[in-house]
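To start, the structure under review is shown below, and the notes come after it.
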Amino acid sequence: MSRKHPKLKIKKGAKVKVISGAERGAEGAVLDVNPLTMKIKVQGINVKTHFDKKDGIKKVEGFFDYSNVKMISAAPDKKPAAKKPAKGKGKKKSDEASA
């Protein structure tokens, strides 16, 4: 089974640096990744102004191609879930040795 789109190494939360384009040299954390279009959204980079009657004027980051950035540091890993003790019916080795 072949993959329809490549697996991106840049994950949400990673710190990246822009290597080409108008924002060249800027750094920020990845807010969102779209693997289908191969685009990412970085905090404080490619900011667009949106006008909304209800909310007024607000600034929103826009997507841009992931090939325009270089990863500085990887996204922090999530803590692994704590292991639950096994529910075994057998005797423990320490009980067996003392008997």
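Give me the Kirkwood hydrodynamic radius of the range 1-76, using the inverse of the mean 1/r over all pairs of distinct Cα atoms, in Å to one decimal. Could the numbers behind the result be given before it?
Values: mean 1/r = 0.0753 Å⁻¹.
One decimal place: 13.3 Å for the Kirkwood radius.
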Amide H contacts of A14 (H built 1.01 Å from N, under 5 Å, at least 5 apart or other chain) | V30, A75
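Could you work out how much longer the chain between K70 and T49 gets when fully extended? Use 0.36 nm per residue separation minus the Cα distance between them, nm to one decimal.
Working: separation 21, 0.36 × 21 = 7.56 nm, distance 2.56 nm.
Length gained, K70 through T49: 5.0 nm.
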Once Lys and Arg get +1 and Asp and Glu get -1 on their Cβ, which of G25, Q43, H5 lies farthest toward the positive end of the dipole of the range 1-76?
-> H5
Taking every pair of alpha-carbon atoms in the range 1-40, give the share separated by more than 12 Å as a whole percent.
-> 63
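Here, each number is a calculation from the coordinates, and none is a lab measurement. None of the values given here were measured: they were computed from a predicted structure. When we count neighbours, we look across all protein chains shown, and the Cβ atoms used for this are built from the backbone with ideal geometry, even at glycine.
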